[in-house]
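Enquirer: Sharing a structure, written as structure tokens. Questions coming.
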Amino acid sequence: MTVQCHDAVEEVGVWLTGEFSGRLPAPTVAEVVRATRRDLEGRIATEELGEMLHRMARARLQRLLSADGRIPRSR
């Protein structure tokens, strides 16, 4: 992973941890962000990583709030 990718993952993690504070624990948010990053690896252009990572991880976290506690994966 390049420095740019690492920065995007860290930035998205911080942003979503704040957004979901009080509803989901920080380690859960971090795991969802990491899992989403792994799912996106090699599938999108590097310059689009930050935006797509944020959108997908946020959607998964929202689903997680209404699911049974499992981290949602791509289909």
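No value in this document is a laboratory result; all are computed from the given coordinates. Values in this document were obtained by computation on a predicted structure and should not be read as measured data. Because the Cβ atoms are built from the backbone with ideal geometry, glycine has one as well, and the counts that use them run over all protein chains shown.
Enquirer: For the pair Gln62 and Glu10, what calculated FRET efficiency results from E = 1/(1 + (r/R0)^6), where r is the Cβ-Cβ distance and R0 = 22 Å, to the nearest 0.05?
Expert: 0.55
Enquirer: Which of the peptides 56-66, 40-50 is most tightly packed, and how do the rest follow, judged by the mean count of other Cβ atoms within 10 Å per residue?
Expert: Ranking the peptides 56-66, 40-50 by packing returns 56-66, 40-50.
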